[in-house]
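**Student:** I have a structure I would like to understand better, so I am pasting it below and will then ask my questions one at a time.
Derivation of every value follows stated rules applied to the coordinates shown; laboratory data play no part. Every value quoted in this text rests on a predicted model; they were computed, and no experiment measured them. Here the Cβ is made from the backbone with ideal geometry for all residues, glycine too, and neighbour counts use every protein chain on show.
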Amino acid sequence: MRRSAPLLLPALAAILFLPACGTEHSGARGGGADAAVAPSRSEVTDPGADGVRITAVTIPSPSPSPTRRSSVTAEGLPADSGISAEYEVTNDGTEALTYSVLFDFTSSTGGVMSNKWQTVRDVGPGSTVRGTVHLGVLAPGASAVTRVRVAQVTKVPADEAPPEEGVCPASGIRVTADQGDAAMGLRVVGLRLENCGTHDYTVNGYPRLELLDESFKPVEGIRILHGSGDITTAAGPDEAPRPVTLRPGETASSGLVWRNTTEAGTPVDVPYVRVRAEDGADPVTVTPHLDLGTTGKLGVRPWQRAER
C-alpha cells in the first residue's frame, strides 16, 4: 500500500536532531517523577529539500526516572507529546504553488515513530510561508523521538490543487485521488468525483487525462487506454461507459491502472496527472507517481456511480 497523502514527489532532507532526552531543564525542581518540565525549543540549520526546510524543533523532556535519570521512554511523554517542528516553504518558481509535505519523526536509530502530512496552499512566486507541524500523540511502546526530517515534498499549481476537505469549488464538483494499491506489479489509483454543489451533475465516459513531468510539461510516448483489459484481466471485465447523474452529495469513481514492468528500454515515471471530469471541466492535478516501467501504457476506467 502507498502512504496516505493527497499530493508524492520524494525529496530527502537533512536529519534534524532534537535536544537530548533526560536533560533537566530550568522548569524542573527536585527531580521527582512528577516534576514539571518546560519544553525546549532549539533552532536548527537545515539545507532543506525542494523548497522546504525545518528551522526549529521543540521537544519536552519527560520526567526522569528516579532510578535512571538519563533513561527516558515514550511512555514517559504526555498524552500529547508536545513535540513539534517549525518549517518554512519557499517558492522559487514563477507561479503560485500548493505544497504537500511529509514530516517523519524518528528515533535515534532512524526508525519512523510517526509521520504527519502538512498542506501549504497558495505559496506565491518568490514568497516564503512559515508553519509548525505537531507530532501529537505518540503510539504506546514507541521509542523516544529524537529527530525530525522532511521525507517527501509534492507541489502542484495552486489553482489546480485538489480542494481542501469540506471546501466545494465554484464548479460544484470535487475531484480527488486516493493513495492507490499495488500487487504483483499491478498498480491501481482510484479517482473520485463528488457533486458538492446544489444541482444535479451528469458525467459520461472517461476522465480526461494529461500526463505531466516534474516541470508540469506533457510526457510523450504513453498510450492512454480506455479500460484495463489490455493491462490486466485480474480486475474483471471492463464496465461500459454510460451517463451517470449525481445528485448533490453523491459520488462517482474511476481509476488508473498500469503495470510497472521493466524490460528493454528506458523506464518512465510520471509524477503528475492533470484530471478533468469531462471535456471543458476545470482541471485538478493529482500526484499518483505513475511508475510505468517500459510498458508505455496506462488504463483508465469509466466513471461509475460509487457504492455508498
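**Student:** Would you please list the contacts, defined by Cβ atoms under 6 Å and residues six or more apart or on different chains, that run from a residue in region 286-308 that is within 19 Å of Arg247 (Cβ to Cβ) to a residue that is of a type outside the set (Lys, Arg) and part of a loop (DSSP other than H, G, I, E, B)?
**Tutor:** Gln304/Glu239
**Student:** Of the residues that sit in region 163-180 and are within 14 Å of the chain's Cα centre (by Cα) and of a type in the set (Gly, Ala, Ser), which one is farthest from Pro248 (Cα to Cα)?
**Tutor:** Taking the candidates together, the pick is Gly180.
**Student:** Here is a follow-up. Working only within region 275-296, note down all residues that are part of a loop (DSSP other than H, G, I, E, B), closer than 19 Å to Arg187 by Cα and more than 18 Å from the chain's Cα centre (by Cα).
**Tutor:** Scanning region 275-296 gives Thr294, Thr295, Gly296.
**Student:** Identify, please: which residue in region 181-226 is of a type in the set (Val, Ile, Thr) and closer than 27 Å to Leu97 by Cβ and is, among those, nearest to the chain's Cα centre (by Cα)?
**Tutor:** Val189
**Student:** For region 240-274, what are the residues that are exposed (fewer than 14 other Cβ atoms within 10 Å of the Cβ) and outside any strand (DSSP E or B)?
**Tutor:** Ala240, Arg242, Arg247, Gly249, Thr261, Glu263, Ala264, Gly265, Thr266, Pro267
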